[in-house]
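Heads up, the thing below is written out as structure tokens.
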Amino acid sequence: MEISPTANPPVCRIMNFGKFRYEESRKEKMARKHQSSAIVKEVKFHANVEDHDYVTKLRHVTDFLDKGHRVKTSLMFRGRENEHRELGYNLMSRMIKDCESLGAPESPPKMFGNNLVVMMRPMKGVAAAKAEGAKSHNPAPPSRPPASPIPVPPPSVP
């Protein structure tokens, strides 16, 4: 088996080819096992959502983006809401603006039937920095308070 063909002279190694193929297949299997698939979470809105409901759903979106998941936000128009689609576009642009520090839209809001859909992807550095910060954050064990540098004399009794 040729290890380094560009070296002068080329470096070769004598080995069992069957064993080599087996080890390579094990490496590939472990690589597939440890890779993470992109998880897509969905949050649904309506055009006439109240502020408290909006804030709650926005918190869910930010939590998902914080964990590194992609988020599909959909807004469904029902009945007369179809006549005022600008309300839905305004709500989606507000949601995108509120999440801009954690994620970015993959494309502008698009209509699919009666649904207005936006796919959000997490920012590359945010989730990695949070994961790294959680790993490196090992608080020091509690210790006793430092001894007083100046000795305090006991109180005198008259």
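Looking only at strands (runs of 3 or more DSSP E) that lie completely in the range 1-94, which have at least 3 residues being within 29 Å of Arg121 (Cβ to Cβ)?
Values: elements: 2-4, 40-46, 70-76.
Of the strands (runs of 3 or more DSSP E) lying wholly inside the range 1-94, those with at least 3 residues that are within 29 Å of Arg121 (Cβ to Cβ) span 40-46, 70-76.
Being among the charged types (D, E, K, R) and in a helix (DSSP H, G or I) is the filter; apply it to the range 106-134 and report the residue that is modelled with the highest pLDDT.
Here is the first cut: in the range 106-134, the ones among the charged types (D, E, K, R) are 106, 110, 121, 124, 130, 132.
Cutting the leftovers down to in a helix (DSSP H, G or I) gives us 124, 130, 132.
On the way: Lys124: 76, Lys130: 56, Glu132: 55.
Result: Lys124.
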### Query
Among the candidates Lys72, Lys44, Lys19, Lys67, which residue alone is over 23 Å from Pro108 (Cβ atoms), touching a residue at least 12 places away in the same chain (Cβ under 8 Å) and charged (D, E, K, R)?
Lys67
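The values are calculated or read from the model by the stated rules, or taken from the named source; none is laboratory data. Please read these numbers as outputs of a predicted model, since none were measured by experiment. Glycine also receives a Cβ, built like all others from the backbone with ideal geometry; neighbour counts cover every protein chain displayed.
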